[in-house]
Amino acid sequence: MKSFGQFCPLAQATQLLCERWTLLVVRELVAGSTRFNELRKGVPLMSPTLLSARLKQLVQAGVVSRTGRKNKYVYELTKAGRELTPIVQLLGAWGHRWVPTSLVVEDLDASLLMWDMRRSINRGVFPDHRIVVQFEYADASEGAKDWWLVSEHGEIELCLTDPGIDVDIVIKSPLRTMTAVWTCKIEFDDAVRGGEIEVFGDSALTNNLSDWLQASALSQLGSLDGPPNLEWRVA
């Protein structure tokens, strides 16, 4: 870790947090990931070696705690780490509002999109019995074209291979369009009406899709009128 050579608290904080990937690792911890493999799904282009190094730095700095045994470690934010939550939220909201992405091919990632969906969708919309939603991205990279989200008893499972059970809803969309929906650039229902997204299945279920597929939390904050008013509470 390179030093700025300044005693300023801001310099000290950015010295720790502004190394490449570090804030994205914190973002994943804020979002609830606790296992190494879960964290990797949120930063798929980050090498396992670098992720291990960043986690070690955060543990040493007292921002993250690590418990358990090798290969079964659990990573959680400490009180110092939890105090970063509103900072991460505000920075994400600011980025949504003031640093718009053009959603170029290089920034599109089906695995990151689906992982973020899996942990962010409204679990209470569908009934308790099992509902399977298949996503088809014809323009995604090989091996990332088909995904399944399985909703059952308020829990969501993400599958990259066919789970072998009946599908209730099929959603066909360009990856760019679904990413635009997830980042609040267009509305899901508008994309369906415009023919960019195709939805197949029982209307009793498909009519609730826009409520189930809530947008990215950071994008929702960034879409508010004026700066988001976040209440800062640390347990």
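Just one of 85, 101 is under 26 Å from residue 182 (Cβ atoms), in contact with a helix residue (DSSP H, G or I) (Cβ under 8 Å, 6 or more places away or on another chain) and loosely packed, with under 14 Cβ neighbours inside 10 Å; which is it?
Step by step, each of 85, 101 is checked, and only 101 is under 26 Å from residue 182 (Cβ atoms), in contact with a helix residue (DSSP H, G or I) (Cβ under 8 Å, 6 or more places away or on another chain) and loosely packed, with under 14 Cβ neighbours inside 10 Å.
Residue-by-condition table, conditions (1) hydroxyl-bearing (Ser, Thr, Tyr); (2) surrounded by 14 or more Cβ atoms within 10 Å (Cβ to Cβ); (3) under 22 Å from residue 175 (Cβ atoms):
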{"residue": "60", "(1), (2), (3)": "no, no, no"}
{"residue": "63", "(1), (2), (3)": "no, yes, no"}
{"residue": "67", "(1), (2), (3)": "yes, no, no"}
{"residue": "74", "(1), (2), (3)": "no, no, no"}
{"residue": "95", "(1), (2), (3)": "no, yes, yes"}
{"residue": "116", "(1), (2), (3)": "no, yes, yes"}
{"residue": "135", "(1), (2), (3)": "no, yes, yes"}
| query | Going through region 186-201 one residue at a time, which ones are under 18 Å from residue 121 (Cβ atoms) and either of a type outside the set (Val, Ile, Thr) or touching a His at 6+ places or on another chain (Cβ under 9 Å) (or both)? | reply | 187, 188, 189, 191, 201
| request: Give the residue that is farthest from residue 56 (Cα to Cα), with candidates limited to residues of region 81-104 that are β-branched (Val, Ile, Thr) and in contact (Cβ under 8 Å) with a residue 40 or more places away in the chain. | output: 101
| Among (1) out of contact with any helix residue (DSSP H, G or I) (no Cβ under 8 Å at 6 or more places or on another chain); (2) free of Cβ contacts under 8 Å to residues at least 12 places away in the same chain, where does residue 109 come up short? | (2)
| Given (1) surrounded by 16 or more Cβ atoms within 10 Å (Cβ to Cβ); (2) more than 30 Å from residue 140 (Cα to Cα), index of the condition residue 43 fails | (2)
| field | In region 161-218, residue nearest to residue 147 (Cα to Cα) [restricted to those that are of a type in the set (Gly, Ala, Ser) and touching a residue at least 24 places away in the same chain (Cβ under 8 Å)] | value | 173
| Has region 156-174 got any residue that is closer than 29 Å to residue 94 by Cα, surrounded by 13 or more Cβ atoms within 10 Å (Cβ to Cβ) and out of contact with any helix residue (DSSP H, G or I) (no Cβ under 6 Å at 6 or more places or on another chain)? | yes
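Values quoted throughout were computed directly from the atomic coordinates according to the rules given, and no laboratory measurement underlies them. What you see is a predicted model; the values in this text were computed from it and never measured. Because the Cβ atoms are built from the backbone with ideal geometry, glycine has one as well, and the counts that use them run over all protein chains shown.
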